[in-house]
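Here's the structure we're looking at; comments come further down.
Please treat every number below as a calculation from the coordinates, not as lab data. Remember, it's a predicted structure, so these values are computed and weren't measured experimentally. Cβ: placed from backbone, ideal geometry, glycine included. Neighbour counts: every protein chain shown.
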Amino acid sequence: MFANIIRLTAIAALAFTLTARAAQAGEPVLRIAVLKFGTVNWELDVIKHHGLDKANGFTLEVMPVANKQASTIMFQGREADMIVTDWVWVARQRAEGRDFRLIPYSRSVGGMVVAADSPIRSLADLKGKKIGIAGGPVDKSWILIQALVKKRHGIDLAREAEPVFGAPPLLFQKGLSGELDAVISFWHFLAKMEARGMRRIVDVADAAAELGLNPETPLLGYAFRGGWAKNNPALASGLARASRQAKDILRDSDAEWARLRPKMKAKDDATFAALRDGFRAGIPGGGKMDMESAKAMFAVLAALGGEKLVGKATTVEPELFFLN
């Protein structure tokens with residue numbers, strides 16, 4: 001813990017120095033705290049490599065952190081202007097009086113995989129099985145899959161299966177070794193597991209569709225403070241444009257992915273292709289946010305996740321989303 005505090009202090013000091021230098025040069029700076037090895041780094045790399053930040057009127061400063069909690073602390077402590085998170089968290093913060101907003105970033109969500117030779121062939125087969133879950137008891141993928149299994153088969157997985165919560169890398173290893181009957185994790189870990197021969201039994205996007213929700217609704221986004229955006233109106237708009245331009249490059253250019261490959265840590269061609277295709281599949285369409293779909297998804301998540309997930313929030317406000 002002490003080492004993490006020292007690391008965060010050092011990062012904050014470095015960011016302050018960079019920001020001060022850029023400010024002296026008259027360049028508006030946007031500081032974003034992201035997981036060191038998170039997939040959002042691929043998009044941010046494209047923005048920096050192609051000068052999309054400069055072209056849109058700002059300088060992007062990427063602040064790598066070790067875990068999501070560290071990025072949240074830096075954001076709430078105003079050491080970072082933005083983080084990548086989901087809009088359910090933003091809705092919870094808004095319900096507690098914090099004026100946070102979000103630029104939609106990705107609709108990539110998780111799913112569930114089993115071993116290639118697993119006897120699990122349908123969701124009904126999960127009863128009594130040991131299920132590894134990344135993200136904790138209120139993980140959104142876990143909640144939506146529970147809702148789907150309840151709808152299809154009347155099974156309460158939280159009680160009639162054996163949930164095992166853990167960090168994604170640990171569940172990755174335990175899933176491959178056969179210590180778990182099934183694994184629910186984030187999309188990029190699932191892509192790596194499928195590249196190693198595991199079989200997807202359900203996708204959260206499909207679960208959402210069957211539950212009457214719109215799977216095209218982006219869940220993740222760049223979160224920022226509303227007051228900061230009012231004081232820096234060009235920065236939020238500039239990032240939204242740069243993000244869309246970077247996504248267009250990543251959607252259309254295989255050469256760009258070849259350039260990014262060393263940063264992706266893909267050990268083989270199958271893993272590389274799975275990560276590339278998974279990212280592309282998560283690129284949201286342009287246009288306005290479907291608020292009715294967002295409200296419907298929130299209602300399902302709130303019903304199962306309860307106050308532990310959504311806090312005092314009761315719905316999703318249109319003002320939560322920033323669309324350029």
query = What order do you get for Leu171, Leu211 when you list them from fewest to most C-beta neighbours inside 10 Å?
reply = Leu211, Leu171
message = Explain nothing, just the number: dipole magnitude of the chain about its Cα centre with +1 on each Lys and Arg Cβ and -1 on each Asp and Glu Cβ, in debye rounded to the nearest 20.
response = 420
ask   = Relative contact order, percent, of the chain when contacts are C-alpha pairs under 8 Å separated by at least 6 residues?
value = 26
query = Counting Lys and Arg as +1 and Asp and Glu as -1, each charge on the Cβ, what is the dipole of region 111-210 about the Cα centre in debye, to the nearest 20?
reply = 20
query = With each pseudo-label sitting 7 Å past Cα toward Cβ, what's the Leu211-Arg251 distance in nm, one decimal?
reply = 2.6
request  = Write out the trypsin sites (Lys or Arg not before Pro) in region 261-324 meeting two conditions: DSSP loop, and at most 15 other Cβ atoms within 10 Å of their Cβ.
outcome  = Lys265, Lys267, Lys288, Lys312
task = Once every Cα of region 111-210 carries one equal point scatterer and solvent is ignored, give the base-10 log of I(q)/I(0) from the Debye formula at q = 0.17 Å⁻¹, two decimals.
result = -0.65
ask   = What angle do you read, to the nearest 10 degrees and between 0 and 90, between the alpha-carbon axis of helix 140-153 and the longest principal axis of the chain?
value = 30
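Only bridges with both residues in region 111-210 count here: give the DSSP antiparallel percent, nearest 5.
For region 111-210, the DSSP antiparallel bridge percentage is about 45.
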remark   = Over 29 Å (Cα to Cα) among Lys130/Lys150; Lys48/Lys295; Lys267/Lys295; Lys130/Lys312; Lys140/Lys312 -> Lys48/Lys295; Lys267/Lys295; Lys130/Lys312
key: Cross-link reach list, aspartates and glutamates versus Lys308, counting only Cα pairs under 16 Å and skipping chain neighbours closer than eight places   = Asp86, Glu96, Asp139
ask   = Rounded to the nearest 5, what is the percent of antiparallel bridges among the DSSP beta bridges in the chain?
value = 50
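Please give the calculated 222 nm ellipticity per residue for the chain, where each DSSP H segment of at least 4 residues contributes -39500 (n - 2.57) and the sum is spread over every residue; nearest 500 deg cm²/dmol?
-16000 deg cm²/dmol
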